[in-house]
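Structure record follows, encoded as structure tokens.
The values are calculated or read from the model by the stated rules, or taken from the named source; none is laboratory data. It should be emphasised that the depicted structure is a prediction, and the values quoted were computed from it without experimental measurement. Positions of Cβ are backbone-derived with ideal geometry, glycine not excepted, and every protein chain shown enters the neighbour counts. Ligands, DNA and RNA are excluded from the accessible area calculation, which covers all protein heavy atoms including side chains. Shrake-Rupley method; radii C 1.70, N 1.55, O 1.52, S 1.80 Å.
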Amino acid sequence: MTQKKFEAKKMFWICKMTIKRIVSGHYGPVEERFAVMKNRMMFFKKTWILALALLLLGTLSACGAPVDEGADSAPPEERAAAGQQEEASYTTYSAQGVAFQVPADWTRAEGTDLFYATGRPEVYGLNGVSPLGSYQPQEFYEALVEHYEETSQFSDLQAAESVSAWQSADGVDCWAADLTGYQDSIVYCTKLIIAPQKNLVLTFCGQANAETAAAPTQVWGMLNFLCESLTFEIGTTDAITGNTFLCGDGSHLCLQDGGDFRWYQSAEDHESPYYEGVYEVFRGQAAMDKVASMTEYGLTMEELEQVLAASMNGYIPGGSRPSDYLYAMGELDDSRERYQVCLDTFYAVILHNQRLVTSLEEVREGGNSALYIGFYLPELEMADFTNCNAGSNTQWTFQVKTA
């Protein structure tokens, strides 16, 4: 085994110690994984049942009130035709790494990602967000349904047997399933959307009075409309190309948009000898494919996918350690902050060093290529990479767009 392959393998086998049986992950069993979603659902139910009851009270009272002589007395079909001539207005709402459209006249419920539908006692919006982690979509869905059934979340729950293929408005391949539940005369329509490449599980909900005519058909129609406009904001742009980074050892890496780079020993000193060359950036599945194809490093697609799955349970910058396995399994208390990563924030960067520039007169041609793989963490504006040549961890902190 070559030294290059040994160093790359060493780093990955250390990391793989954290995932031998990491099905539970940092977030605990599936029941704990969607505890956040469940808590929000309980708050949602307790709060919105009251809100809906108040809205319904006004609606039902109005039904029994005398007819307003000034009201539009045109037949329903004529009013519908007139309404169709009015172009609906929508606004894009962004929250928790996703965006979707809602009617512009809807009112957002303070402190939530939910909206009151204007003129109707109904509530719609994004109810819960959770990482998928190392779970498979069907596995997660079955555990969620089982949890709802065991905890009697609903007096009546209608759920599909399995998730089915679904695609967001921006072309992200997802899995989805519809659940309809009833509780206290309220119908709860929930669309579960799982986006593995974004490491996200989303629940979009719609609620209405179960006794209302056309419910839940009407609720599902509007809920599906909201979901069809779904787009993702995680891992959608290249965070590496054309930027300047301060590296962990104090060096300064300046990447040009055109594919050239310069690597200075210090951010304060650009006069001392520096390396220059060209670079390549791969992101997402393209990065996985590229690394697996570079057989000199000995990293297989299976190993890359295992490390990705483990990292999606909660990523700790700075390189993995054998003890991370015990932290992840809950056998040791872990207060370290973890970050959410996904396939689309995974990068492979190859620096092709072509020359060492000591001065304008002294240029030494030749050099090696170095492979860096890891995740970009937007919260920190930092790339946490493994140098596969040296078998070491390095961190690139964003400075500015390279001039």
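Run the accessible area of the stretch 138-222 with a 1.4 Å probe and give the carbon-and-sulfur part as a rounded percent. Of the solvent-accessible surface of the stretch 138-222, carbon and sulfur hold 45 percent. With the biggest extent put first, the Cα atoms of the stretch 363-403 measure 38, 30, 10 Å across the principal axes. Based on the reciprocal of the average 1/r between different C-alpha atoms, the Kirkwood radius for the stretch 163-309 equals 19.7 Å. Backbone amide hydrogens, once placed in the peptide plane, bring S229 within less than 5 Å of Q101, excluding anything fewer than 5 places away on its chain.
Taking all protein chains into account, the per residue accessible area for the stretch 234-305 stands at 47 Å² (1.4 Å probe). Each residue of the stretch 95-110 was assigned a 3J(HN,Hα) from its phi angle through the Karplus curve 6.51 cos²θ - 1.76 cosθ + 1.60 (θ = phi - 60°); the sequence is 6, 6, x, 9, 9, 7, 9, 9, x, 5, 8, 6, 10, 6, 6, 4 Hz, with glycine and proline shown as x. In order along the stretch 308-317, the phi-based Karplus estimate (6.51 cos²θ - 1.76 cosθ + 1.60, θ = phi - 60°) of 3J(HN,Hα) comes to 4, 4, 5, 5, 6, 7, x, 8, 10, x Hz; Gly and Pro are listed as x. A simple spin-label model places pseudo-atoms 7 Å from Cα toward Cβ; at R355 and E271 they are separated by 2.1 nm.
Remark: the stretch 389-403, residue by residue, has Karplus-estimated 3J(HN,Hα) of 7, 9, x, 10, 8, 9, 10, 10, 9, 4, 10, 8, 5, 5, 6 Hz, where x stands for each Gly or Pro and the curve is 6.51 cos²θ - 1.76 cosθ + 1.60 at θ = phi - 60°.
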